[in-house]
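What follows is a short report on a single structure.
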Amino acid sequence: MKQEMTSADVAAVVAELSSGSRSLIDAKILKIYQTTDTEIRINLFLHGRGKEDLIIESGKRIHLSRYIKKSPKIPPAFPMLLRKYIMGGRITNISQHEFDRIVKIDVIRGEEKTTLVAELFSKGNIVLLDDCGKIILPLKPVTFKDRRVRSGEIYELPETQLNPLTEEKEKMKSVIKESDRDAVRTLAVGFNMGGTYAEEVFLRTGIDKRKTAAELDEDEIETILNSINEIFEPIKTNSIKPVLVLKEDKNNKDKEEKEKERKQEEKEKEEKKSENGNGKEEHGFEIPEGFVIDDVIPVPLKSYENYKKIEFEFFSDALDEAFGKPSLVEIFEEEQKVKEDKGKNVFERRLNQQKSTVEKFNEQIEKNTIVAEAIYANYQLVENLINSFNQLREKYSWDEIKKTIKNAKKDKTNTNKTVEMIKNINSVESTVTVSLGNVDATLDIKKTVPQNANVYYDNIKKFQKKKSGAERAILETEEIIEKQKNTKAPEKKKAMRTVRTKKRWYDKFRWFKTSDGFLVIGGRDADSNEEIYRKYIEKRDLVFHTQAPGAPLTVIRTEGKEVTEETLNEAAIFAVSYSSLWKSGVAEADCYMVKAEQVSKTPETGEYLPKGSFMIRGDRTYFNNVEMKISVGLELKEETQVIGGPDSAVRSRANYVFEIIPGKYNQNDLSKKIYRLYLNEIDDQKFLKAIASPDKIAMMLPPGESDIKGGPYLKEES
């Protein structure tokens, strides 16, 4: 079964959703949900049809669906922002960008126009744009070599692909004639058609797909273009005939498992009816016993002529069966596994993990043994190859060597077996990956044959040592489980929670302890910044601050110890997140670090320093694009208290951790919200109020408005 939609699939579903009886044009947007990290659901209302659900999964699919996943109790930030901008709006247009896997959904609400962009290619995204093409918010903020998908940036579309549905014939001919690939790959890649449709063209025309494109004569090119037009004509005219292509299930499940699936499907149907309440009709078909879905296509293809198929009236429904239903079943199976794991004894879970680890070590030992033995079995061949590369490196650059090997592989008259062995060249590490029979070996050309083999033998020793340790741990765990079986455990009394909190000098400031145990403090205002400077900075300390005013004077109390990279990064996150930049709602910010001795209250001649301001002299170390995100959690071990700070630092010390990002709730409202959520987890209200009242939680939150991104993360008690 294919894992994502093709460009042709996207063209077909866009045509279907933008015209005809399944059109979503003029649909009213009711509510938006985020059901997974990569998937959103848009609930729509259409006059005369009622409610529909549009599923968009970045990097994969877009279609209407009747298989609805449960929404999280606390909505993530992305769907909340979509609700702010497009809920209540109407869809005015749905289009595909050229012949790429990009769908644009134009929305108007009042006078405000926005566009929701769904990127369905690998590492795709979902992005909301304003009417000027500027990014309001992406599902996943990312930076590529040639484009940034982040709030405030102008959205840049990927380079335009050739569109076989609309491109002029002469242009398509020139692309074929100028290609240096074989004919089938020229269509698959150059025409952005993908392998299935490219293969279909040559199956219909009878032309040899292995020919280089440049070898095709004028008549053959004409025949190919006519075939392309014939295949895609139903998509262009929105007269598609969607089908699910089936194949025999070689891993046919037994009756018990099938019965389990049948009951689950019935349960899902009932849940769907009760949730939607709009009595949607079922598609009225069942996949025949012993078959599974192999593909979903919008037009009949000759390559699937002898396959068993199920026809659909609408492509969106076919996509829903191919993608939506399996996605829901997968989540159900994961939930079942979690329930089963919860029912197991903690030591039984540990034992299963330990056994799984031993199996992985065995796999690595076997893999490295095979490679090491293959190197020695092909000793002379490997030695010649290493010598050849060293001789070439004396005269040529790596780029020249790569080009020569590439050309040699294209040359059909070439009989050099060594060239065919080469799979990959890593010029940075001076390594060459070669095929030695049924195994690939990575060789360092600066090492001899025995030295290269020893790399793999050393790996074997390393994994054998780890395996021995894991096997000892298995024996210990098995002993504990056996003791538990033979010993009747006394009934546990409900533990009385005790408040254990000391008064400390740094409680009046912002503070946190890093993952490595360093204390970091910061001012809450100008007065506390001044107090930190006067009383608590030592020469051996490190100081962080943002370029913009309104940030805490952040100090790492080093106590003369060497500070790790992790501590520096956590201090940088602390400095930007508790600054005035948080109020602007940006996702990232910059800050810098200096030594304590570089911080001074002495201004330049003729200048004046207001309260809470300082002079920084000398070089600075900059931290760019620091993520604006902190976490709040409950420390319940040595001390009982609410703590806040960078996520990694809080998670290392606390339970019930909530991730906090810039959002829409003020400190007061959000602290009450978090307190109520803690009450759901901790049954002792008196204890909770003593250590984490709304006022105490508010002290850990950044200035300005915030929201909860995720949580509560519960660390397993040791």
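A few notes on this one:
- Among the candidates ILE135, ILE126, residue that is touching a Phe, Trp or Tyr at 6+ places or on another chain (Cβ under 7 Å) and within 29 Å of THR35 (Cα to Cα): ILE135
- ARG101, sole failed condition from (1) surrounded by 13 or more Cβ atoms within 10 Å (Cβ to Cβ); (2) over 30 Å from GLU220 (Cα atoms); (3) within 20 Å of the chain's Cα centre (by Cα): (2)
- Every residue from the stretch 182-219 that is closer than 26 Å to PRO298 by Cβ and not in a helix (DSSP H, G or I): PHE191, ASN192, MET193, GLY206, ILE207, LYS209
- The number of residues in the stretch 167-181 being touching a residue at least 24 places away in the same chain (Cβ under 8 Å) and either within 31 Å of the chain's Cα centre (by Cα) or part of a loop (DSSP other than H, G, I, E, B) (or both) comes to 3.
- When the test is whether a residue is in contact with a Ser or Thr (Cβ under 8 Å, 6 or more places away or on another chain), over 27 Å from SER706 (Cα atoms) and among the β-branched types (Val, Ile, Thr), VAL599 does not pass it.
- Total residues in the stretch 1-52, condition assigned to a loop (DSSP other than H, G, I, E, B), under 28 Å from LEU246 (Cα atoms) and of a type in the set (Asp, Glu): 1
- Residues in the stretch 192-211 that are modelled with pLDDT under 90 and either surrounded by 17 or more Cβ atoms within 10 Å (Cβ to Cβ) or of a type outside the set (Lys, Arg) (or both): ASN192, MET193, GLY194, GLY195.
- Selection status of GLU335, exposed (fewer than 12 other Cβ atoms within 10 Å of the Cβ) and either modelled with pLDDT under 90 or of a type in the set (Phe, Trp, Tyr) (or both): yes
- Subset of the stretch 362-385 that is part of a helix (DSSP H, G or I) and touching a Leu at 6+ places or on another chain (Cβ under 9 Å) - its residue that is surrounded by the fewest Cβ atoms within 10 Å (Cβ to Cβ): ALA377
- Single match in VAL563, VAL499, VAL586 (criterion: outside the structural domain of GLN641 (by TED's automatic domain parsing), farther than 25 Å from LEU609 by Cβ and hydrophobic (A, V, I, L, M, F, W, C)): VAL499
This table checks each residue for (1) in contact with a helix residue (DSSP H, G or I) (Cβ under 7 Å, 6 or more places away or on another chain); (2) closer than 24 Å to LEU81 by Cβ; (3) not aromatic (Phe, Trp, Tyr).
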site: VAL563; (1), (2), (3): no, no, yes
site: ALA587; (1), (2), (3): no, yes, yes
site: VAL642; (1), (2), (3): yes, no, yes
site: ASP647; (1), (2), (3): no, yes, yes
site: SER652; (1), (2), (3): no, no, yes
site: GLU659; (1), (2), (3): yes, yes, yes
site: GLY663; (1), (2), (3): yes, yes, yes
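- Number of residues in the stretch 148-184 that are over 21 Å from ILE126 (Cβ atoms), surrounded by 17 or more Cβ atoms within 10 Å (Cβ to Cβ) and either basic (Lys, Arg) or touching an Asp or Glu at 6+ places or on another chain (Cβ under 6 Å) (or both) equals 1.
- The stretch 533-553 residues that are touching a residue at least 12 places away in the same chain (Cβ under 8 Å) and over 15 Å from MET615 (Cβ atoms), paired with ones that are aliphatic (A, V, I, L, M) and part of a loop (DSSP other than H, G, I, E, B) (beta carbon under 7 Å, 6 or more apart): LEU542/VAL563
- Criterion violated by ASN459 - all others in (1) assigned to a helix (DSSP H, G or I); (2) surrounded by 17 or more Cβ atoms within 10 Å (Cβ to Cβ); (3) without any contact (Cβ under 8 Å) to a residue 60 or more places away in the chain satisfied: (3)
- Within the stretch 630-646, restricting attention to residues that are of a type outside the set (A, V, I, L, M) and closer than 16 Å to ILE674 by Cα, the residue that is surrounded by the most Cβ atoms within 10 Å (Cβ to Cβ) is GLY633.
- The residue that is surrounded by the fewest Cβ atoms within 10 Å (Cβ to Cβ), counting only those in the stretch 647-657 that are among the polar types (S, T, N, Q) and not in a strand (DSSP E or B), is SER648.
- Residue check, ASP669 over 19 Å from LEU553 (Cα atoms), without any contact (Cβ under 8 Å) to a residue 12 or more places away in the chain and assigned to a loop (DSSP other than H, G, I, E, B): no
One line per residue, one yes/no per condition, for (1) over 20 Å from GLN598 (Cα atoms); (2) modelled with pLDDT of 90 or more; (3) within 38 Å of the chain's Cα centre (by Cα); (4) assigned by TED's automatic domain parsing to the domain that holds PHE623:
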{"residue": "GLY517", "(1), (2), (3), (4)": "yes, yes, yes, yes"}
{"residue": "ALA526", "(1), (2), (3), (4)": "no, no, no, yes"}
{"residue": "GLU531", "(1), (2), (3), (4)": "no, yes, no, yes"}
{"residue": "ILE537", "(1), (2), (3), (4)": "no, yes, no, yes"}
{"residue": "VAL543", "(1), (2), (3), (4)": "no, yes, yes, yes"}
{"residue": "ARG557", "(1), (2), (3), (4)": "no, yes, yes, yes"}
{"residue": "GLU570", "(1), (2), (3), (4)": "yes, yes, yes, yes"}
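- Residue pairs whose Cβ atoms lie under 6 Å apart, sitting 6 or more positions apart in sequence or on different chains, and linking a residue in the stretch 32-57 that is on the phi > 0 side of the Ramachandran plot to a partner that is in a loop (DSSP other than H, G, I, E, B), are GLY50/ASN278.
- Flag if VAL449 is of a type in the set (Val, Ile, Thr), closer than 30 Å to LYS211 by Cα, in contact with an Asp or Glu (Cβ under 8 Å, 6 or more places away or on another chain) and touching a residue at least 12 places away in the same chain (Cβ under 8 Å): no
- Selection status of SER388, under 29 Å from ASP458 (Cβ atoms), of a type outside the set (Asp, Glu), in contact (Cβ under 8 Å) with a residue 12 or more places away in the chain and not in a helix (DSSP H, G or I): no
- Annotation: of all residues in the stretch 65-98 being within 23 Å of the chain's Cα centre (by Cα) and either of a type in the set (A, V, I, L, M, F, W, C) or not assigned by TED's automatic domain parsing to the domain that holds ILE126 (or both), the one that is nearest to GLU16 (Cα to Cα) is ILE68.
- Of all residues in the stretch 171-229, those satisfying the criterion of being among the polar types (S, T, N, Q) and within 21 Å of VAL10 (Cα to Cα) are THR186, ASN192, THR196, SER227, ASN229.
- Test: residue in the stretch 696-715 that is in contact with a helix residue (DSSP H, G or I) (Cβ under 9 Å, 6 or more places away or on another chain), more than 25 Å from ALA575 (Cα to Cα) and not polar (S, T, N, Q): yes
The values are calculated or read from the model by the stated rules, or taken from the named source; none is laboratory data. These numbers were taken from a predicted model, which means no experiment stands behind them. Reconstructed Cβ throughout: ideal geometry from the backbone, glycine too, with neighbour counts over all protein chains shown.
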